[in-house]
Amino acid sequence: MYDQTTASQRQRQRKFHRRSRNGCFVCKQKHIRCDERKPLCTYCLRHGGECGYADIPNSTSSCTGGSSHDGSQEPEDTLSYLGLHDATPKDPFAGTGIDMPYKSRSLFQLFMNTKFYYNTPVQRDQNSFVVHRALSHPGFLHGALLMTTLQWAWTTGDGEQFRIPYLYHKLQAMRFVKEQLADPEMAVNDGTVAAVASLALVENSLGTIDAVASHLQGLARIKEIRDRSGAPQTTGLLQRMILMAAQCVSSRPIWDILDISRTDYIHQSMIISLLRVALRPIYSIATLSGADDTAEPLSEILGRRSPHPESNDNGPISPLRSVDCSRSGFIACYFYLYIILREERVDSFVLNWFIEQLVADVCRTEAMMQKDQYSQPLWFWTVMFGACAVSVARVVSSLENEQMQAVKDVYMAKIVLANQVLGIKTWEGAKSVLRLFAWQNDFDGEKEIKALWQEATWRADRSRSGVSCGGVKDGMGFSPIDPQLVGW
């Protein structure tokens, strides 16, 4: 009897937990132990709580480590706890007005020093305009760190190292956007658009369609506010080319699509992304582009319609490796974003991450294309598309203009290379090659694309240098294996 009573008492005995005297309001209300990490504790990071702390003088529990509230030394500082390493000798945010959590500093250092082409890390120039823009506005900063986390996972397969900083900046980006949308003047800021776009791009890369749909609705709201504040902008060249390509691909016979996919010996996300947008879009292209000709605001239409879930990779689209599937979702989401915005000029900060992946695909398939082991029409079309994307970049500084012009120079060299390999000598010849993949005879962007092709041809007539990835002599440092853009 005594043994049974003792055992029962032991079962009812509560486990010992060290008290958290200085925990956040959310954890105290829920009567759970708070790890007291700032600016957000781990519970609030994971569950989206409105984390907050009472003002306690000389609080010894902080995100920078040090002694805990009971006077003992924390076993690990914050970076060690996350498996991160601090490479920051000085505070890069001093004087910027940015309160960067200590846990996020290694992620910021990765962004500041490294960019990624497919799964290849490349050193980023310290004077890159992307870094300058990230330090100029919270929307740009959160977007840059979300993108960097995604690209790090593509390259290393490690989704855990920056998990908590990723969750923090994702939550902060969502809060920031919500606040900005409440003010029409702030909602149309490029930083707000960058934050919404980054959230949508990351979520589509991860396959969370409902979240993507919510962010696309937010982007549609921003577009509507912009249109009310001024004359609606006409559809830009990049958007028109996306729409034309999607229409062409969707109208092709299934066996033709299969042939294109088979020629993609080295996987290139462009074709798969177009197939996704054309054959199984989250929302129909006609709806996003306004072709349905309805007076109802697009944000309300998207809010009323359920997004189409993406099925598994089957049918005309062959199965993809996880990284390729994520990248194709990433590029496909760019198509959705630009179709919704319908701007003649595209902000260079958001465009930057798109261009990096397009350049990577062109460079890593160039050698195969020259040997006719990769679809030459597809490669040429991808080059012309990338040239269009760069040409419509909206820059806000001389530094951006200089660095985007350097990227355009690379694409001009690729056009010259395609002319040589495919024997293209006239614009009519160029169109005949583009038509093998995606081209419409009545395409209203022909004049602008022709001008780009003629510019490249004119450059080649003046100088025959800088034709291949390894032969660019303008300081770009490109090669098929290591696609480096110095100064970008």
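Restricting to the range 341-379, name every residue that is assigned to a loop (DSSP other than H, G, I, E, B) and either free of Cβ contacts under 8 Å to residues at least 60 places away in the same chain or surrounded by fewer than 23 Cβ atoms within 10 Å (Cβ to Cβ) (or both).
If the condition is that a residue be assigned to a loop (DSSP other than H, G, I, E, B) and either free of Cβ contacts under 8 Å to residues at least 60 places away in the same chain or surrounded by fewer than 23 Cβ atoms within 10 Å (Cβ to Cβ) (or both), then 342, 343, 344, 345, 371, 372, 373, 374 are the ones that fit.
State yes or no: is residue 257 buried (at least 18 other Cβ atoms within 10 Å of the Cβ) and either modelled with pLDDT of 80 or more or over 25 Å from the mean Cα position of the chain (by Cα) (or both)?
yes
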Tally the residues that are buried (at least 19 other Cβ atoms within 10 Å of the Cβ) and touching a Ser or Thr at 6+ places or on another chain (Cβ under 6 Å), restricting the search to the range 380-402. 2
Of the residues 422, 417, 434, which is among the aliphatic types (A, V, I, L, M) and more than 29 Å from the chain's Cα centre (by Cα)? 422
Restricting to the range 405-437, and then to whatever is in a helix (DSSP H, G or I) and hydroxyl-bearing (Ser, Thr, Tyr), can you tell me which residue is farthest from residue 355 (Cα to Cα)? 432
If residue 407 meets every condition in (1) within 21 Å of the chain's Cα centre (by Cα); (2) at pLDDT 95 or above apart from one, which number is that one? (2)
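Matching residues to (1) under 20 Å from residue 399 (Cα atoms); (2) charged (D, E, K, R); (3) crowded, with 17+ Cβ neighbours inside 10 Å; (4) not assigned by TED's automatic domain parsing to the domain that holds residue 400:
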residue: 101; (1), (2), (3), (4): no, no, yes, yes
residue: 119; (1), (2), (3), (4): no, no, no, yes
residue: 129; (1), (2), (3), (4): yes, no, yes, yes
residue: 140; (1), (2), (3), (4): yes, no, yes, yes
residue: 152; (1), (2), (3), (4): no, no, yes, yes
residue: 158; (1), (2), (3), (4): no, yes, no, yes
residue: 164; (1), (2), (3), (4): no, no, yes, yes
residue: 176; (1), (2), (3), (4): no, no, yes, yes
Please report, ordered by residue number, the helices (runs of 4 or more DSSP H) entirely within the range 115-234 with at least 2 residues that are at pLDDT below 90. 138-156, 163-181, 184-187, 190-206, 209-229
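Rundown of residues vs (1) closer than 21 Å to residue 124 by Cα; (2) under 16 Å from the mean Cα position of the chain (by Cα); (3) not β-branched (Val, Ile, Thr), yes/no style:
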{"residue": "151", "(1), (2), (3)": "yes, yes, yes"}
{"residue": "160", "(1), (2), (3)": "no, no, yes"}
{"residue": "179", "(1), (2), (3)": "no, no, yes"}
{"residue": "184", "(1), (2), (3)": "no, no, yes"}
{"residue": "212", "(1), (2), (3)": "no, yes, no"}
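The values are calculated or read from the model by the stated rules, or taken from the named source; none is laboratory data. Values in this document were obtained by computation on a predicted structure and should not be read as measured data. Virtual Cβ from ideal backbone geometry, glycine too; neighbours counted across all protein chains shown.
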